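Here the structure is laid out as structure tokens; the discussion comes afterwards.
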């Protein structure tokens, strides 16, 4: 009886080990996809290449940011405007968290204020000052089918507005 019980316990442990190993491999694979997407997204930003977003953004991308367009086409149009407004814009990834179907990045953006800037619809327009700007964002994406399909962010627009005003 003890041998049958021991064999059953060993079988359960072996199955649990296989399941755990499979889950760990799946998590590692998912994390690899998320990390690769983030790397390509940041490269598209820093290369000012809106067409490169087609590799990482789904056609029906859902944007939960009132300052940006919906879908791939809306995202590309938004970044074209950003690149025109800030010709030297650069994004530095400070921190990332990748898990299951989410990618989170804390980033610092830098740019020179060489063109008029409006931070949102109905907000004042800040005339160029020539000053170097720096602000932070926290970006969250949902991943499905190998692309970013949904996005949320929190931007330090107050800090950016203070710099634009010269505070």
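The values are calculated or read from the model by the stated rules, or taken from the named source; none is laboratory data. Since we're looking at a predicted model, the values are computed, not measured. Virtual Cβ from ideal backbone geometry, glycine too; neighbours counted across all protein chains shown.
Matching residues to (1) modelled with pLDDT under 95; (2) in contact with a helix residue (DSSP H, G or I) (Cβ under 7 Å, 6 or more places away or on another chain); (3) surrounded by fewer than 14 Cβ atoms within 10 Å (Cβ to Cβ):
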{"position": "76", "(1), (2), (3)": "yes, yes, no"}
{"position": "82", "(1), (2), (3)": "yes, no, no"}
{"position": "91", "(1), (2), (3)": "no, yes, no"}
{"position": "159", "(1), (2), (3)": "yes, no, no"}
{"position": "167", "(1), (2), (3)": "yes, no, yes"}
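Provide a single number: the residues in region 109-135 that are touching a strand residue (DSSP E or B) at 6+ places or on another chain (Cβ under 6 Å) and under 20 Å from residue 49 (Cβ atoms).
4
Test residue 121 against the stated conditions and say whether it is loosely packed, with under 15 Cβ neighbours inside 10 Å, touching a residue at least 40 places away in the same chain (Cβ under 8 Å), more than 18 Å from residue 42 (Cα to Cα) and over 19 Å from the mean Cα position of the chain (by Cα). Steps first, please.
Numbers: loosely packed, with under 15 Cβ neighbours inside 10 Å: yes; touching a residue at least 40 places away in the same chain (Cβ under 8 Å): yes; more than 18 Å from residue 42 (Cα to Cα): yes; over 19 Å from the mean Cα position of the chain (by Cα): yes.
Yes.
Go through region 43-54 and count every residue that is surrounded by fewer than 18 Cβ atoms within 10 Å (Cβ to Cβ) and in contact with a strand residue (DSSP E or B) (Cβ under 8 Å, 6 or more places away or on another chain).
Qualifying residue count for the region: 1.
Being farther than 28 Å from residue 164 by Cβ, within 17 Å of the chain's Cα centre (by Cα) and surrounded by 14 or more Cβ atoms within 10 Å (Cβ to Cβ) is the requirement here; does residue 107 meet it?
no
Which residues, taken from region 56-67, are in contact with a helix residue (DSSP H, G or I) (Cβ under 8 Å, 6 or more places away or on another chain) and in contact (Cβ under 8 Å) with a residue 40 or more places away in the chain?
First, pick out the residues of region 56-67 that are in contact with a helix residue (DSSP H, G or I) (Cβ under 8 Å, 6 or more places away or on another chain): 56-61, 63, 67.
Listed by number, the residues that qualify are 56, 57, 58, 60, 61, 63, 67.
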